[in-house]
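The structure appears right after this line, and notes come after that.
The values are calculated or read from the model by the stated rules, or taken from the named source; none is laboratory data. Just so you know, these numbers come straight off a predicted model, no measurement behind them. Counting neighbours? That spans all protein chains shown, and the Cβs are built from the backbone with ideal geometry, glycine included. Heads up: the accessible areas ignore ligands, DNA and RNA and are worked out on the full protein's heavy atoms, side chains in. Shrake-Rupley method; radii C 1.70, N 1.55, O 1.52, S 1.80 Å.
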Amino acid sequence: MRTFRSRPAPRLRPLTAALTGLAAATCLGLAGAAPTQATPSAGDSPSATAANDPVGPRQDGFLPAFAYSALHPTAVPTGANDWSCRPGAAHPRPVVLVHGTFENRYANWAGLAPKLKDAGYCVYALNYGGDSAGPLRATGDIPASARQLASFVDRVRAATGAAKVDLVGHSQGGLLPRYYLKNLGGATKVDKLIALTPTNHGTSLWGLGLLAHLFPGGDAMMESSCPACHQQVTGSAFLNDLNAGGETHPDVTYTVITSRYDEVITPYTSAYLTAAPKVTNLTVQDVCPTDLTDHVNISYDPTATTLTLNALDPAHPHRPTC
């Protein structure tokens, strides 16, 4: 397996946020004149994905990936959603990628999906929780989105013949699977959950406001039509109920990967799960002290990528190169 060399993240996060918004706004402005996918992906069924959804190129960062998804909101990351893939003995469980709030499967996973495919995994990614005509997803009611994930996992299991899958999620995508595991029978169908900067104990309104500000239209959507935003605020009824009676299931292995420079989940340690026999909480800077990755960019961070691969295959770990 490759060892991915770490590159320093940008130091000027406000500038990064502004550039992300500018690039995405430019692409959204061009979208009216450019050809886009007119046909929805019909709930991400195998046949609809193959027929209608473009496969986007590999990306090295969130900014170009989100800009591409603004023009191609149903795009599939390279390496994902090959419904003919059959898991081998080395990696017997398919990997399902779950994106975060105001994101989509391509914007989140255009870097990691092809690396997982290159490493020999069958990889799948869904869009959920929003209007399939636009790039801003994962804004809908979290229990409803968890039912979408449950349906998608069942399709993956049926297509691949695998009894269980492994889940890799970012932000809300690391939290939402826990509802699936606890309330929808997912613990019998999932072996591992690897969560990048998950909102396990919520975030402040300031943190959600900053996240919304990164995306054109995000502020208005948060105020008017983002149930998932309110459900992820620290102390919400949803979070209190989800975390009551224990945060994990004893049959599932959990890995949390976070960053000290997460500006959305504050403090960053609130992403951690309560200690349990099958819980591992990791911070990128404990492995590479000079790594400056933040909330949005962590799914493209080489150190986090290596830690994710190690969590999926702990029998063959690789040390990140800083």
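Name the single residue that is modelled with the highest pLDDT among those in the stretch 212-252 being open to solvent by less than 50 Å² (accessible area, probe 1.4 Å) and among the hydroxyl-bearing types (Ser, Thr, Tyr).
248
Conditions first: (1) farther than 15 Å from residue 160 by Cα; (2) under 11 Å from the mean Cα position of the chain (by Cα). Residue 59 passes all but one, so which condition is the exception?
Here residue 59 clears every test but (2).
Checking residue 87 against (1) part of a helix (DSSP H, G or I); (2) surrounded by fewer than 18 Cβ atoms within 10 Å (Cβ to Cβ), which test does it fail?
For residue 87, the exception is condition (1).
Quick one: in the stretch 140-179, of everything that is β-branched (Val, Ile, Thr) and open to solvent by less than 10 Å² (accessible area, probe 1.4 Å), which residue is nearest to residue 236 (Cα to Cα)?
It comes out as 142.
Which residues, taken from the stretch 175-206, are of a type in the set (D, E, K, R) and without any contact (Cβ under 8 Å) to a residue 40 or more places away in the chain?
The one that is of a type in the set (D, E, K, R) and without any contact (Cβ under 8 Å) to a residue 40 or more places away in the chain: 189.
Please verify whether residue 91 is at pLDDT 95 or above and over 18 Å from residue 177 (Cβ atoms), treating the condition exactly as stated.
yes
Can you tell me how many residues in the stretch 115-139 are small (Gly, Ala, Ser), at pLDDT 95 or above and open to solvent by 10 Å² or more (accessible area, probe 1.4 Å)?
Residues that pass the stated criteria total 2.
Which one of 293, 255, 306 is part of a helix (DSSP H, G or I), in contact (Cβ under 8 Å) with a residue 40 or more places away in the chain and open to solvent by less than 20 Å² (accessible area, probe 1.4 Å)?
Checking each option against the conditions leaves just 306.
Please determine whether any residue of the stretch 50-71 is crowded, with 21+ Cβ neighbours inside 10 Å and of a type in the set (Val, Ile, Thr).
The answer is no; no qualifying residue exists.
Taking the stretch 56-98 only, how many residues are β-branched (Val, Ile, Thr) and free of Cβ contacts under 8 Å to residues at least 60 places away in the same chain?
3
Has the stretch 277-288 got at least one residue that is touching a Leu at 6+ places or on another chain (Cβ under 8 Å), open to solvent by 20 Å² or more (accessible area, probe 1.4 Å), modelled with pLDDT under 95 and not in a helix (DSSP H, G or I)?
Scanning the stretch 277-288 turns up no residue that is touching a Leu at 6+ places or on another chain (Cβ under 8 Å), open to solvent by 20 Å² or more (accessible area, probe 1.4 Å), modelled with pLDDT under 95 and not in a helix (DSSP H, G or I).
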